[in-house]
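The values are calculated or read from the model by the stated rules, or taken from the named source; none is laboratory data. A quick note: this is a predicted structure, and the numbers were derived from the prediction, not measured. Positions of Cβ are generated from backbone atoms using ideal geometry, with glycine treated the same way; all protein chains shown enter the neighbour counts.
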Number of protein chains: 2
Amino acid sequence: MTAARAAGGPVGARPVMLAVGGDSGSGKTTLARGLAEAIGPRRCTSICVDDYHRYDRAQRSALRLTALSPQANHLDIMEQHLQLLAIGQPILKPVYDHRRGTFARPEYLRPRPFVIVEGLFPLFSKLSRACFDVTVFVDPPEELRHRWKIRRDTTGRGYTEAEVRRELARREPDSAAYIRPQRRFADIVVRFAPAQDGSDPPGAPSTAELLLRPTVQHPPLASLLADGAGAAMDLGVVRDDDGNAVDRLRVHGRAAPEDARLPARALWEVVGRGREIPRGLGRLADGAHSEPLAITQEMLLFHLMQEVYQR
Amino acid sequence: MTAARAAGGPVGARPVMLAVGGDSGSGKTTLARGLAEAIGPRRCTSICVDDYHRYDRAQRSALRLTALSPQANHLDIMEQHLQLLAIGQPILKPVYDHRRGTFARPEYLRPRPFVIVEGLFPLFSKLSRACFDVTVFVDPPEELRHRWKIRRDTTGRGYTEAEVRRELARREPDSAAYIRPQRRFADIVVRFAPAQDGSDPPGAPSTAELLLRPTVQHPPLASLLADGAGAAMDLGVVRDDDGNAVDRLRVHGRAAPEDARLPARALWEVVGRGREIPRGLGRLADGAHSEPLAITQEMLLFHLMQEVYQR
């Protein structure tokens with residue numbers, strides 16, 4: 001047979017793809033989980049792309065590589081899998097057991113109409129960024145991220161606090177070199193943090209700061225604010241770290257619940273088209289509710305739905 | 001970012017792809033190994049595609065599935081990986097540990113100019129067959145295959161003979177339903193067996209019978225035979241199991257070494273273009289030499305080289 005090759009194969013329906021990038025412990029999963037719940041499990045595939053390790057933990061340690069080094073990962077295969085998902089094809093994703101530090105049975109994944117991809121590297125290369133319709137980078141202050149990572153890894157993954165701190169220090173150079181630079185490629189940068197002026201009352205949820213880059217078309221925020229959302233949020237232009245002017249939406253953690261609910265509902269009228277606000281929106285890792293998180297998730301749902309309406 | 005997708009990515013050079021299909025223990029590896037050695041490790045990638053199991057051994061056993069059932073395998077992913085290799089792309093191949101019956105670290109494989117794929121299913125679907133330039137099915141008499149499989153699995157894989165026989169019986173329905181039907185899609189069907197008329201002297205290597213289908217262009221065998229190769233081989237037309245007329249080349253195990261070497265050398269003049277005959281050709285699993293195997297491998301090398309010359 002002279003090479004009658006099938007170069008592509010049958011192409012499935014193209015899903016809407018969202019990337020949630022950010023360092024380890026930055027709150028990617030908390031952000032993505034509420035979104036997936038809002039979309040519904042039958043229409044949404046959630047994937048973590050941190051399992052493309054070239055080595056198991058013992059080998060990585062012997063080679064003095066961290067999991068954040070591109071050399072320690074098959075990033076070309078991660079790209080290939082993102083491309084396959086983007087054209088509606090299934091993948092056989094490697095599975096790394098984070099407790100044992102070894103590999104397990106790979107996972108067969110077929111993309112549903114919405115695909116949420118979280119991980120350390122989804123915005124690392126041009127090829128992988130090109131697979132997404134909307135890209136987000138989660139960027140909490142480092143001190144807060146360390147606190148979150150320590151909480152997660154000491155409760156869920158069996159490490160001591162001292163071990164997690166040592167690991168954070170060991171990873172810092174790779175984090176600075178490979179993870180944080182991905183921030184500049186996101187359509188939306190999300191930062192959860194207490195208000196810088198200390199105006200948050202004790203126990204209030206973190207304030208959400210969203211940098212809204214002009215690479216996607218954002219919802220009509222000015223009209224929301226004109227309709228009385230000003231007590232819970234504000235919109236301004238700031239100069240980003242890279243020197244560029246950018247829109248910044250702040251959703252204040254200190255807002256009274258009734259004030260915070262107002263923009264959440266108004267935004268949901270644009271996004272939800274008559275449906276109820278899904279319960280999972282705004283749910284924190286500890287089960288508590290955060291209106292700033294809910295509004296952030298609504299913003300992302302807005303973009304995902306836009307993609308559907310525009311096709 | 002509005003979906004600026006990269007549907008394919010950069011395409012590598014297309015390798016020449018050979019499929020060696022056949023049931024478990026049919027001699028695929030023995031045939032493929034000499035070929036890979038002749039081509040040279042830097043120009044050849046050898047892959048076994050029997051690791052796309054959907055379940056580990058315990059799960060498969062609980063579901064009463066054999067490894068030969070398409071339901072027990074991610075054959076769509078095997079196809080996808082063959083397609084990727086055929087366009088010069090790397091794959092992350094799952095790895096199944098045949099001793100333990102569980103999964104291990106997946107293997108990163110980048111196709112070299114020649115890719116030899118052996119396995120149970122490479123000729124199973126139209127899509128996977130389309131990835132190959134030359135396809136072979138190894139088809140020894142069942143009795144001989146059972147003997148070979150028992151020898152391999154009791155020495156290399158830690159089973160008892162009774163266990164292997166039980167497993168062979170359990171697999172027989174799937175073998176008949178899914179594996180043996182692939183025979184009809186091969187360009188060349190290879191059968192090693194003692195001569196049917198009992199004319200082989202004791203200790204002689206098996207006779208090779210090659211069905212040469214007209215789906216590829218075979219070397220000028222008639223002129224080889226006219227040049228005195230007739231003591232070692234014969235060429236005839238037979239009616240295949242499916243009722244079609246087909247060329248059959250027999251290379252006799254009983255031939256005296258000097259007679260057998262004649263066609264091997266003559267064929268090598270066509271294939272090797274001045275190089276020495278590689279040592280690995282004709283090497284059996286136990287290290288002994290078989291001229292019929294060497295000539296079979298030369299026939300396959302002829303086809304692989306043809307593909308290169310024709311491009």
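Values as computed for the structure displayed
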quantity: Subset of the range B:256-304 (residues that are among the acidic types (D, E) and under 25 Å from B:F132 (Cα atoms)); calculated: B:E298
quantity: Of the criteria (1) within 13 Å of another protein chain (Cβ to nearest Cβ); (2) in contact with a strand residue (DSSP E or B) (Cβ under 8 Å, 6 or more places away or on another chain), which one B:Q217 fails; calculated: (2)
quantity: Single condition A:E307 does not satisfy, out of (1) within 23 Å of A:R147 (Cα to Cα); (2) in contact (Cβ under 8 Å) with a residue 40 or more places away in the chain; calculated: (1)
quantity: Residue ID - nearest to B:G158 (Cα to Cα), chosen from residues in the range B:67-92 that are over 21 Å from the mean Cα position of the chain (by Cα) and more than 12 Å from every other protein chain (Cβ to nearest Cβ); calculated: B:A72
quantity: The range A:3-27: number of residues that are modelled with pLDDT of 95 or more and not small (G, A, S); calculated: 6
quantity: Pair list, Cβ < 7 Å and 6+ apart or interchain, from the range A:56-79 residues that are within 18 Å of A:L168 (Cα to Cα) to residues that are of a type in the set (V, I, T); calculated: A:L68/A:I179; A:A72/A:T66
quantity: Tally of residues being within 14 Å of another protein chain (Cβ to nearest Cβ) and part of a strand (DSSP E or B) across the range B:118-143; calculated: 4
quantity: Criterion: without any contact (Cβ under 8 Å) to a residue 24 or more places away in the chain and over 27 Å from B:A255 (Cα atoms) - qualifying residue of B:A162, B:A226, B:A186, B:A222; calculated: B:A162
quantity: Test: residue in the range B:223-244 that is under 26 Å from B:A19 (Cβ atoms) and assigned to a helix (DSSP H, G or I); calculated: yes
quantity: Complete set of residues in the range B:252-294 that are over 30 Å from B:K149 (Cβ atoms) and in contact with a Ser or Thr (Cβ under 7 Å, 6 or more places away or on another chain); calculated: none
quantity: Residue within the range A:58-66 that is surrounded by 23 or more Cβ atoms within 10 Å (Cβ to Cβ) and within 13 Å of chain B (Cβ to nearest Cβ) present; calculated: no
quantity: Hey, A:R254 modelled with pLDDT of 85 or more, under 18 Å from the mean Cα position of the chain (by Cα) and among the basic types (K, R) or not; calculated: no
quantity: Complete set of residues in the range A:271-311 that are of a type in the set (V, I, T) and crowded, with 16+ Cβ neighbours inside 10 Å; calculated: A:V271, A:I277, A:I295, A:T296
quantity: Candidate set: the range A:93-112, residues that are crowded, with 16+ Cβ neighbours inside 10 Å, facing chain B (nearest Cβ under 7 Å) and in contact (Cβ under 8 Å) with a residue 12 or more places away in the chain; chosen: the one farthest from B:I91 (Cα to Cα); calculated: A:F103
quantity: Selected residue [among the hydroxyl-bearing types (S, T, Y), in contact with an Asp or Glu (Cβ under 9 Å, 6 or more places away or on another chain) and farther than 19 Å from B:H289 by Cα] from B:T207, B:T215; calculated: B:T215
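Residue by residue, here is whether (1) under 20 Å from B:D197 (Cβ atoms); (2) part of a helix (DSSP H, G or I); (3) at pLDDT 90 or above holds:
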{"site": "B:D247", "(1), (2), (3)": "no, no, yes"}
{"site": "B:R250", "(1), (2), (3)": "yes, no, yes"}
{"site": "B:D259", "(1), (2), (3)": "yes, yes, no"}
{"site": "B:A266", "(1), (2), (3)": "no, yes, no"}
